[in-house]
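These notes are about the structure you will find just below.
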Amino acid sequence: MHTAIDAVDARGLAEFYRRLLGLHYRPGDEPVADAPEDDADWLVLLDAAGRRVLAVQRVDRLEPATWPSDDVPKQMHHDFRVPDVDALERHRRRAEELGATLRLDRTDDDEPLYVLADPAGHPFCLLVAGH
């Protein structure tokens, strides 16, 4: 159905992935402009065809993964493919502008990729298609 991911700030992480992946909220999950505080517990993001892609669930506590160290394991991660090295660079910069942090730069490898962490600390990879 979709991948569900935990976050202390469900709205903030949902916004990160909404903007990064070009998704939109399920009807009723959109942010309310004049709400004093958004304490959403469960938000679902859809693709252009209305298919569920990602859900974000609020939790009270979450230790960010420490990858590449296993002190706090990553438990899961997303791989996002891009068509070429130019797109890889563009999407890395965009992810960082949205709040991601770079964990690994492997662009000088035969399989160019970046490992980043989303604002909640979940690692994800950007890699070139076909590699």
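Under a model in which nothing but the beta-carbon of Lys, Arg (+1) and Asp, Glu (-1) is charged, the chain shows a dipole of about 380 debye around its Cα centre. Per-peptide packing, taken as the mean over residues of other Cβ atoms within 10 Å, places 3-11, 65-73 in the sequence 3-11, 65-73 from highest down.
The calculated pair-distance distribution of the range 85-128 uses every alpha carbon pair, bins of 10 angstrom beginning at 0, and gives 32, 57, 11 percent.
Among residues other than residue 61 with Cβ under 13 Å from its Cβ, the summed charge is -3 (Lys and Arg +1, Asp and Glu -1). Among beta bridges identified by DSSP and lying wholly in the range 3-58, the antiparallel ones come to about 60 percent. Three semi-axes describe the equivalent ellipsoid of the range 1-124; taken as square roots of 5 times the Cα gyration tensor eigenvalues and ordered largest first, they are 26, 18, 13 Å. As a calculated quantity, the FRET efficiency between residue 63 and residue 1 at R0 = 30 Å, using C-beta atoms, amounts to about 0.70.
Along the range 40-52 the Karplus relation, 6.51 cos²θ - 1.76 cosθ + 1.60 evaluated at θ = phi - 60°, assigns HN-Hα couplings of 4, 9, 8, 10, 10, 10, 10, 8, 4, 8, x, 7, 5 Hz to successive residues, with x for each Gly and Pro. Each Cα pair under 8 Å and six or more residues apart adds its separation to the average, and for the range 15-83 the resulting relative contact order is 20 percent. Against the main long axis of the alpha-carbon atoms of the chain, helix 85-97 sits at an angle near 40°. Distance between the modelled labels on residue 90 and residue 42, one decimal in nanometres: 3.7 nm (7 Å Cα→Cβ projection). Placing a label point 7 Å from the Cα of residue 104 along the Cα-to-Cβ direction, the residues of the range 38-74 with a backbone N closer than 13 Å are 66-70, 74.
Compactness of the range 3-58 was expressed as the Cα radius of gyration divided by 2.2 N^0.38 Å, which yields 1.03. Bridges between two residues of the chain, per DSSP, are antiparallel at a rate of about 65%. Mind checking the angle between helix 10-21 and the chain's longest principal axis? C-alpha axes, 0 to 90 degrees, to the nearest 10. With both axes taken from Cα atoms, the answer is about 50 degrees.
Each reported figure results from applying straightforward, stated rules to the coordinates on display, with no laboratory input. It should be emphasised that the depicted structure is a prediction, and the values quoted were computed from it without experimental measurement. Neighbour counts run over all protein chains shown; Cβ positions are idealised from the backbone, glycine included.
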